[in-house]
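Chemist: Here you go, one structure.
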Amino acid sequence: MDISVTVRQVEARYANSGKGRPRYPVRSMLLSLMFMRFEAIPSLRKLCRRLEKRRYAREICEFAGDKAPKHNTFSLFISRAGPDRIEGLFSELRDQAFRMGIVDPEASVKVSLDSTFMKAYSRRGRKGGIGDRGARVGKTERRNYEVGWRVHTVASMSALPLTYIVRAANVNDKDLVEPLLKQAPRLLTRFGKRVSHVIADRQYYSADVFAAVRKLRAEPVIPHPSNVKDPLIDLWVTKRFKVRGDPRLVGLYRLRMSVERSFRAGKLELTMENLRWRGVAKVRMHVALCFACIYVVAITAHKIGRPELANSIATFTY
């Protein structure tokens, strides 16, 4: 993986005076944090044990010799790097995928918009506990509520996340449509592309969202609730979750599952749902590392000539 830009940015955070003990390579530390997601290792302490006991783990992460960092070294590294530089790792790999033509080869790109819930790393009870101050109570499913975060994401039809925003779970999905629809077109414009369709669930149905999408000269594909009298679109979902309306719009709406596939890859294969960090800054880093791993799989599958593995982390092997 070419992550040289992020490595230079993190190295700039260190004082290069030459004093003190030699530090571990920044590239190896970043590879270790991604390796932690691929191997579904739940904590930094267990990551250090894996690196210490398993030679293949040290070779993958490019550590020289038999020595591996301790968990406090990783904690200091994460604090020094910060969320902006870790999110830069995701951006660097995403831009590489664009240049390789992996994300979407067409000039007009369809995007899917949705959010997913992540339970906060919080323990609360009568005897007290440790809570995540930034997290809030939000809806996980239709009638269930938990303390946590939501990741609002725009994904391409190849199930690759283009951009995302992390907010507390009580923030309404519609409130983040405008910033997301500003970030995604700017990204696509840099690579000579534009947004042609924005596909989302009926929870995004509103006149403001339709106006924001049409401002981009894109077509909104968002079904209306069944109780709307004068719908803005000929598309709706029945009580049994069957899509009805204009056949062309029905076909486009079925492409919405691309963003669900990216969430599935992050949660089931890369431990995105197993949140062990607190605070919005570290939650942002956790999501950035998980989404960066999705691009690692896509880029590697392209390089080895196996494009069918790009969207299937479960079948990808080292």
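The values are calculated or read from the model by the stated rules, or taken from the named source; none is laboratory data. Owing to the predicted nature of the structure, the values given are computational and were not obtained by experimental measurement. Ideal geometry is used to build each Cβ from the backbone, glycine not excepted, and the neighbour counts take in all protein chains shown. Side chains are part of the model used for accessible areas, which takes the heavy atoms of the whole protein and leaves out ligands, DNA and RNA. Shrake-Rupley method; radii C 1.70, N 1.55, O 1.52, S 1.80 Å.
Chemist: With the full set of protein chains in place, find how many percent of the accessible area of the chain is carbon and sulfur; take the probe as 1.4 Å.
Modeler: For the chain, the apolar C and S fraction of the accessible surface comes to 48 percent.
Chemist: Keeping every protein chain present and rolling a 1.4 Å probe, give me the accessible area per residue for the stretch 1-104 in Å².
Modeler: Ligands and nucleic acids excluded, the figure is 54 Å² per residue.
Chemist: What's the extension gain from MET257 to SER122 if we count 0.36 nm per residue and subtract their Cα-Cα distance?
Modeler: 45.6 nm
Chemist: Find the relative contact order for the stretch 1-117 and round it to a whole percent, using C-alpha pairs within less than 8 Å whose residues are 6+ positions apart.
Modeler: It comes to 31 percent, rounded to a whole number.
Chemist: What ranking do 296-305, 186-195, 216-225, 233-242 get when scored by the average of other Cβ atoms within 10 Å per residue, highest first?
Modeler: Put in order of decreasing packing, that is 216-225, 296-305, 186-195, 233-242.
Chemist: Check the straight Cα-Cα distances from LYS70 and name the lysines below 26 Å, setting aside those fewer than 8 residues away within the same chain.
Modeler: Here the lysines satisfying the reach criterion relative to LYS70 are LYS19, LYS46, LYS53, LYS282.
Chemist: Specify the angular offset, from 0 to 90 degrees and rounded to the nearest 10, of the alpha carbon long axis of helix 26-38 from the longest principal axis of the alpha carbons in the chain.
Modeler: Around 50 degrees separate the two axes.
Chemist: Shifting gears a bit: Ranked from highest to lowest mean number of other Cβ atoms within 10 Å per residue, what is the order of the peptides 52-58, 289-295? Each step should come with its number before you reach the end.
Modeler: Numbers: 52-58: 13.9, 289-295: 25.7.
Sorting 52-58, 289-295 by mean packing, highest first, produces 289-295, 52-58.
Chemist: What's the angle, to the nearest 10 degrees (0 to 90), between helix 177-190's Cα axis and the longest principal axis of the chain?
Modeler: Approximately 70 degrees, to the nearest ten.
Chemist: Treating cross-link reach as a plain straight distance, find the aspartates and glutamates whose alpha-carbon is under 13 Å from the alpha-carbon of LYS215, omitting any fewer than eight places away in the same chain.
Modeler: Answer for LYS215, where 13 Å is the Cα cut-off: GLU178, listed by chain and number.
Chemist: Placing unit charges on C-beta atoms (Lys and Arg positive, Asp and Glu negative, everything else neutral), compute the dipole magnitude of the chain about its Cα centre in debye, rounded to 20. Could you put the intermediate results ahead of the total?
Modeler: Values: 61 positive and 30 negative charges, 262 e Å.
The dipole magnitude comes to about 1260 debye.
Chemist: Here's another thing I want to ask about it. Residue-wise, which Karplus ³J(HN,Hα) couplings in Hz belong to the stretch 71-87, taking 6.51 cos²θ - 1.76 cosθ + 1.60, θ = phi - 60°, and x for glycine or proline?
Modeler: Residue by residue, the stretch 71-87 yields 5, 5, 5, 5, 4, 5, 5, 5, 5, 6, 5, x, x, 5, 6, 5, 5 Hz.
Chemist: Then there is this: Give the shape of the stretch 72-229 as rounded, prolate or oblate, defined through the alpha-carbon gyration tensor: a ≥ b ≥ c are the square roots of its eigenvalues, a/c under 1.5 means rounded, and otherwise the shape is prolate if a/b is larger than b/c and oblate if not.
Modeler: Judged from the Cα gyration tensor, the stretch 72-229 comes out oblate (a/c at least 1.5, b/c at or above a/b).
Chemist: Over the stretch 118-201, what is the relative contact order in percent, taking alpha-carbon pairs closer than 8 angstrom and at least six residues apart?
Modeler: On the way: 105 pairs, mean separation 17.1, N = 84.
That works out to 20 percent.
Chemist: How far is the Cα center of the stretch 78-94 from the Cα center of the stretch 140-188, in Å?
Modeler: Between the Cα centre of the stretch 78-94 and that of the stretch 140-188, the gap is 19 Å.
Chemist: Still on this structure, I have one more. Rounded, prolate or oblate, given the Cα gyration tensor of the chain, with a/c below 1.5 counting as rounded?
Modeler: Values: a/c = 2.12, a/b = 1.56, b/c = 1.35.
Prolate.
Chemist: Which whole-number percentage describes the relative contact order of the chain, with Cα contacts under 8 Å and a sequence gap of 6 or more?
Modeler: 20
Chemist: Multiply the residue gap between GLU141 and ASP84 by 0.36 nm, knock off their C-alpha separation, and tell me the result in nm, one decimal place.
Modeler: Length gained, GLU141 through ASP84: 17.5 nm.
Chemist: I've got another one for you. Looking at the square roots a ≥ b ≥ c of the eigenvalues of the Cα gyration tensor of the stretch 41-159, which shape do they give, rounded for a/c under 1.5, prolate if a/b is larger than b/c, or oblate?
Modeler: Oblate is the answer for the stretch 41-159, as a/c is 1.5 or above yet b/c matches or exceeds a/b.
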